[in-house]
Amino acid sequence: MRSTFTKMYAIFGLMLISTLGFSQGIVKGIAWDGDMKEAMVGANVVVKGTMNGVTTDFDGNFELSVEPGTKVIVFSFMGYTNIEKKVTVAEGQTVDLGRIVMNADAVGLQEIQLIANVAVDRKTPVAVSTITPAKIQEKLGAQEFPEILKSTPGVYATKQGGGYGDSRINLRGFNSENVAVMINGIPVNDMENGRVYWSNWAGLSDVTRSMQVQRGLGASKVAVPSVGGTINILTNTTNAKKGGSLYTAIGTGGRRKVGLTLSTGLMENGWAVSVSGAMDEGNGLVDGTWHKAYSYFMNISKKIGDDHIISFTAFGAPQEHGQRYDRLKMEDYQKYPSGINYNPNYGYLDGQMLNERRNFYHKPQISLNWYWTINESSNLSTAAYMSYGTGGGTGPLGASVTRTNDGIIDYEAARDANIANGAGGSKSIIRASRNDHKWYGILSVYEKEASDNITFSVGLDSRYYVGSHFREVSNLLGGEYYIDNSDVNNPNRKAKVGDKIAYNNDGQVMYAGGFGQVEYSADRLSAFLSGAISETSYKRVDYFQKLDSDPSQTTDAFNFFGYMIKGGANYNLTDNHNVFINTGYFERAPFFKAVFPTNDNDEANADAQTEKVLSFEAGYGARYSKFAFNANVYWTKWKDKSMVKTFQTENQAGDLIFGTANITGVNAIHMGVEADFRYNPTEKLTITGMLSVGNWTWENDILDVPILDDNNNLVETVNVYIGGLKVGNSAQTTTALGIDYKLFDGFKVGADWNFFGNIYADFDPLRRNDEADKGVDSWKMKDYHLFDFNAKYSFKIGGVDAMLLANVNNLFDSEYVSDGFDGANHDWQSSTVYYGLGRTYSIGLKVKF
Amino acid sequence: MKKILLSGFLGLSLIFSSCNPYEDIHDQLSNDIELKTESDAIPTEISLDSTYATLEEAEVSLQKYMTVTYPSANKFTEGKVTEIEYNLGLVVDAPDVIVSEKYVVTDADYELVGNGKYKTFSKYDDTAGEYPIGTPVDNILDAKIDQILKVAYATPAEGNRVEVEYEYYDGNTVTKKVVYAFTSGVWERYSNPDVVVYQLTDADYEAMGAPGAHHNFSSSVPQEDYLPRFLEINYAYAQTGDAVNIIYYYFLGKVDGSYKSEYRAVTYVFEGTSWKQVAPLDTTIRHKSKYKYTEGVWKLSKAVVIILTDADYELVESGKYHNFAYYDNRPGEYPKDSGNEFDNVMMEKIRVILEKNYSDLVHEGSEVIVHFNYYDSGNSVENVTIIFEGGVWVLTDSSITIKYE
C-alpha cells in the first residue's frame, strides 16, 4: 500500500538541505518499510526538539546535516510507528545509520493488504492511484467519499442528486456494476445487480486508512467485475499505539460532524482494541436533502504466539437522508427561486418537511480474519464475513400528488384527499421499497514461496446471499389504510404502515469461486499469471405472485459459469524507469435481472448470456528524487452486454404470456491514455497533475435481430442503432492540477483545479431503435472546471497534537451539470439533468491524544 | 520558479472562474420563463359585457380586443386557446317617453282667435288662408292654436308636446284631441308617419281590469299581459307593419324611502296576426367563442379542447401510468399483438378515445385539441390538434414531433 503514496509524500520534502556553510556533521541512511519490504519514500527525518529535518527520497535515502554532538533522530511517517535513534556526530563526520526499519502502526495491516491485493509500485503491473489517509483528511471536506478520487485518471465521480451518500463513480467510462469495490479485500458489489451504493458506506471515510484505485483489470486474484477498475478500500485496523483522537467539523448547509477514536494499542497480552464512532448531520445544500448519519467501527486483534493473528472487525454506517431523486430539465430548475438547488421531491405536512424520497440504510459488515504464518515461506490468510443490510428508499405510490406554486409537493391536499376517500383508504401514500439482504462469505488465500523467484497462491471465494425485495407502507398521509391486492396469499388487504405491498420476493445467490496465481520475481522483472473460476447460481422466491402452497413459489436454480484469466509483467529498465503490460479476459455470469427479466418465476431466462471482457494495457513509470511520472494506454472490449428483450406471445394453451429473447452483440470499446505526475521543486512546494483522455464508444449497430417465440415464429425484429455512439455518463477527458505549499511550519495550503470534458448524457443503448437517430450522439454536455481549496494547520494545545482543517469545494461557485440523461432530441432542452453542488465549505478540528 | 507556478495557477483560475458553462443557456431560460409567465398570465377564459349583433361583428372586435388587451402574447402563447364569453344578439332601447300635457281650449281662447261667437272651430279654419289677415298660412287652425299655446305657455322648451282638446263643427260639434309640438319657435301639429303614439288614459286602465286599480302597470301587473290585447281591440284594423308607441305609467315601488312611479314607453308592431313588442327588446344570449393564438395572431377557433382522463388512458392500454410514452409515438400494432399496424400508435389511441369517449365530437369539420400526459425521459403535457375531414382525423398541429418511422 505504501508504494505509490510514499512517492507522493516524497513531495513534501525531498530537498536535502545540506548546503549549510558552517561546521557540521552528516547523518545518512535508508528508511525501510518493514511491512512491504521496500524503501520508505517521503518519511520525515528530524533532529528531535528542532525544526531541522529532511524527508527521504524515492529510494528511501536521507542525508541530514546536524550540529556536532549527541542527537536523537526521529523517523516518522503517517500510518507508521515513530522510531528514535540516538547518534553522536563529530564535526565534519558522516555517520551512516544504515537501514532504519519502520513498521505500520496498525496491527494486521500487512496481512490485510495481502488479502486485498494492494498493488505495489514498480512491481505490480497495473495502473494505480493511491490516496493516503493524510490526503483523505486534507481533501475530503464536504465531498462525498468517491469524490476524493476525482483528481486521479479515468475517474468521473458526481454527487448525482446531491443527497448525502448519493454519489457515484465511473471508472474509464464504466459504471458501478463494472467497477469492483472491495473493503478490506472483501467484495461489496451487490450480488444481484453488481452495483455499489455509496450511501451504504457514506460514513466509511471516517475509518478509512487508504483507498487505492487499480484501473483496468487490476491486481485482484478473486474474480471481480473490474472492467473499469477496482477500488480497494482499507479501513483502520487497530492502532499499535495507545491513544485516540477527537474530531469535530462544521460546514455548508448546517453540517455538523463529531467523531471519536480510541485505541488500547497492542498490549503485552497480545490483545489490541480500537473503537471509533462518528455522527454527521446537516440540512444539505439542495432543498430537502437533510441527513442524519452515524458510523461505528471496532477492531479487536489478538496476536497468538508469533504465527497467528486473529482480528475481528465490525463496522457500519447507518444513515437516513432526503434525496433529490428526479432529474429535471434545466428549464424546470430555473422556474423556482432555489434554482439549481431546487428539489421536486419534497413538501410539507403539518409544518414538517416531508421528502417522498428518503433513503435509509444500515449495512453492518462483520469479519473475522485469521492470519497464519505457517513457516518462513508460506502463510494462510482467511476472512470469514457477513453483512446484514436493511433499508431502502421511499417514494410515492397511488394517485399522483399536486404541487404548490412554489413547485413543492402539496401534502396537505394529498392528506385531505385521503381523508375524504374514507373507507376507500388512502389514494396517495408514501411507500418504501426495501432491499434487505443477508450475505455470508469466506475468502481464503494460501501463499507459498516456492523458490526465491516464484510464489504460488491459491484460494477460494464462497458467498451466499439472500436479497429480500418488498415494498411496505411508509406513510399513509392521513388515511387509515391502503388497499393492496398484490399478494395472492392475502388478497385485497388493508395495509397499514409497515405492511408489505406491491411485491415481495427474494433473490438467492450462491457463488463458489476458486483462484490461483503464479508470481515470478527476479532482479528487474516481475510477472504474474492468474486465473479464477466461479459458479453463480440464482433462485427466485415470490411470496406475492405465488401461493404458499405452490411449489413454484421458489424456482429451480439457474447456474452460470464464469472465468477469468489474466497476466502481466513489469520490467524495471533502470532504477528510474519501468514499463509494464497486462492483459486479461473474463466471462461473468449475467445479473439476476437478466435471468428473471419480467420478475416472474415462470418466465426465467435460462439462456441469459455471460458478459465478456477483453483488455490490454501497457504502462510506463519514471521515478526521480523530485519527480515521478506514470503513463499508460488501455484498450478494453466489453462484449455481449446483457440485453434481454421481452415480448408477449401465446403459449401452447393459447394464453398470453411474456417471452424473453437474449440479444447478443451489444459491444463497447473503451480505450484511452492516462498520465499523472508529481513534482516537488522545493521542500515546501508540491505540484501534481493528471491527464486522462478516453475514447469510449459503442461498437456497432445490431440489425434485424429476429425475436422468435417458442414455436419458432417470428414475433418481431429488433434494430439497435448504436454504432459509433459515444458512451455517456462520464467525462471522457479529465485533467487535474494541484499545488500544495507549506507557507510555514505546520501550515499548509493546497489548491486543485479539475477539468471535465467530452461528457455525453447517459442513455440506454437498447432504446436507440430509431433509424433517424442513427449516428446522432446523445447530448454533449458542457465542459466544466472546478477549483477546490484546502488548508491545514497543525499545532499543539496543552501538549497534545491538534490540527485545523479547512476546505472549500467549487470555490468559484460554478453552475455546472454533473449528470445528464439524454432526451428525445439529444439536446439540452429535452435532456434531464442534475446540477453539481455550488460552493461548499467545511472547517474541522482534530485533536490527537 | 514557484512564483511562476503560483501565478500560473492563479492565472488559470481567473480564466476559468469567470466561465459558468451554462450561463448562456440559463440567461435564455430565465428570459423564456419570463415570457412563459407572461403568456401563462393570459387567461384561458374571459367574460365580457360587450354585445355584438352578429358572430362576424364579434370576431373582428374580439380579435382586436385580444391583440390590444394582451400585447404580452409571445412565442409561448402559440397554440394557446382562450375562450371569451360575450353577448350575441340585439338590444333595442325603449322609445322616448314623451308625455303630452293636456290643454283644453277655453272660451277666452276662442275669443282670442276670433272664434268667440260659437266657441268652436270649423272646417273654415281647417284650411289654407291668411291668419292674421295679410299673413298666408298653410292651415289657419294650426296658426290659431299656435297663437293660443304661445299665450298659455310663456317659455316652452323645444320638443314639448301638448294635447290640445277643442270643439270642432262640421255639421255636428265634436271634441277633438290633437297633439302639438313646439318646434323651432312654432307649435306645430305633431305627426309621426311610422309610429302612432298613444298615452293610456285612466279609462283605458280601468277597461283593462287589474291595471285600473291604480291606473298603472307594475312588476306584478306587467304591460306585456295587457297591451297586446288592448291594441287588438283599439287598433282593430291595423295593417302589417303598423307601429304604436304606448306611453304608460309604471309603479316602481319603494325607492329611497318613498313610493315612486314613472312614465315608460313601449313600441308594438302589428305582425299580421298579433302585436309584438319591438322596443325595448333584449334578444341577446351569452355566447362563447374560442380564440387561438396562431402565428402571432388571435384567430377564431372552432376547436374543442379536451384533456384526456384516466379513463381515456385505460381504454387504450395506457392505464398503467395514465400517459402516452415515446414507445407509443411511433409505428406499431394496436391493440398489442393484434396484427393491426398503424403509422403511429399514439394517434391511433387518440382516435379510439375520441370514437369511444367523445363520440359527439366525431363529425365533419370538428376540430379538437387533445391534451395528454407524455413520457420521454421525463413527464410533460403535450397536445395535438386534429380536424375530422372526409371521415378521418387529420393532424394540423402538435407540440411534439409525431413520428412515423
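The table for this structure:
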read-out: All aspartates and glutamates inside 18 Å of A:Lys427 as judged from Cα atoms, apart from same-chain residues fewer than 8 positions distant; value: A:Glu356, A:Asp410, A:Glu412, A:Asp416, A:Glu472, A:Glu480, A:Asp484, A:Asp499, B:Asp310, B:Glu314
read-out: When each of A:Lys159/B:Lys349; A:Lys221/A:Lys593; B:Lys299/B:Lys403 is checked by Cα-Cα distance, pairs over 30 Å; value: A:Lys159/B:Lys349
read-out: Out-of-range pairs (alpha-carbon distance over 30 Å; input A:Lys335/B:Lys80; A:Lys302/A:Lys796; A:Lys448/A:Lys848); value: A:Lys302/A:Lys796; A:Lys448/A:Lys848
read-out: Inter-chain Cβ neighbour average for residues A:737-749, partner chain, 10 Å; value: 1
read-out: All aspartates and glutamates inside 13 Å of A:Lys85 as judged from Cα atoms, apart from same-chain residues fewer than 8 positions distant; value: A:Asp96
read-out: Cross-link table A:Lys500/B:Lys320; A:Lys71/A:Lys742; B:Lys150/B:Lys177; A:Lys329/A:Lys782; A:Lys363/A:Lys500, entries beyond 24 Å C-alpha to C-alpha; value: A:Lys71/A:Lys742
read-out: Distance in nm between pseudo-label sites at B:Tyr237 and A:Tyr571 (7 Å out along the Cβ direction from Cα); value: 13.8
read-out: GluC sites (Glu not before Pro) restricted to DSSP loop in segment B:303-342 with at most 14 other C-beta within 10 Å; value: B:Glu317
read-out: Folded to 0 to 90 degrees: helix A:2-13 orientation relative to chain A principal axis, Cα; value: 60
read-out: Ranking of B:Ile285, A:Ile759 by count of other Cβ atoms within 10 Å, fewest first; value: B:Ile285, A:Ile759
read-out: B:Asn340 versus A:Ala512: modelled label distance in nm, points set 7 Å from Cα along the beta carbon direction; value: 5.5
read-out: Residue among A:Ala384, A:Ala317, A:Trp698 farthest towards the positive dipole end of chain A, charges placed on Cβ; value: A:Ala317
read-out: For B:378-387, mean number of other protein chain Cβ atoms within 10 Å; value: 2
read-out: Under 12 Å from A:Lys612, Cα to Cα: aspartates and glutamates that are on another chain or at least 8 residues apart; value: A:Glu587, A:Asp640
read-out: Cα centre as origin, Lys/Arg/Asp/Glu Cβ charges: segment A:50-116 dipole, Debye; value: 180
read-out: Chain A, helix-only ellipticity at 222 nm - DSSP H runs n ≥ 4, -39,500 (n - 2.57), divided by all residues, nearest 500; value: -1500 deg cm²/dmol
read-out: Span from the segment B:136-165 Cα centroid across to the segment B:241-264 one, whole angstrom; value: 28
read-out: Relative exposure of A:Met643, A:Met690, judged by other C-beta atoms within 10 Å (fewest first); value: A:Met643, A:Met690
read-out: Averaged over A:809-821, number of beta-carbon atoms from partner chains that fall within 10 Å; value: 3
read-out: Relative contact order computed over chain A (Cα-Cα under 8 Å; 6+ residues apart), in percent; value: 10
read-out: Distance between segment A:293-312 and segment A:462-476 - C-alpha centres, whole angstrom; value: 31
read-out: Protection proxy ranking, peptides B:292-302, B:346-356, average beta carbon neighbours within 10 Å, highest first; value: B:346-356, B:292-302
read-out: Beta bridges by DSSP in chain A, antiparallel share as percent, to the nearest 5; value: 95
read-out: For segment A:555-628 versus segment B:90-125, the gap between their alpha-carbon centres in whole angstrom; value: 122
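Taken together, the values in this text are just the output of simple stated rules run on the coordinates, not laboratory data. Everything numeric here is computed off the predicted structure, so don't read it as measured data. Note that each Cβ is placed from the backbone with ideal geometry, even for glycine, and that neighbours are counted across all protein chains shown.
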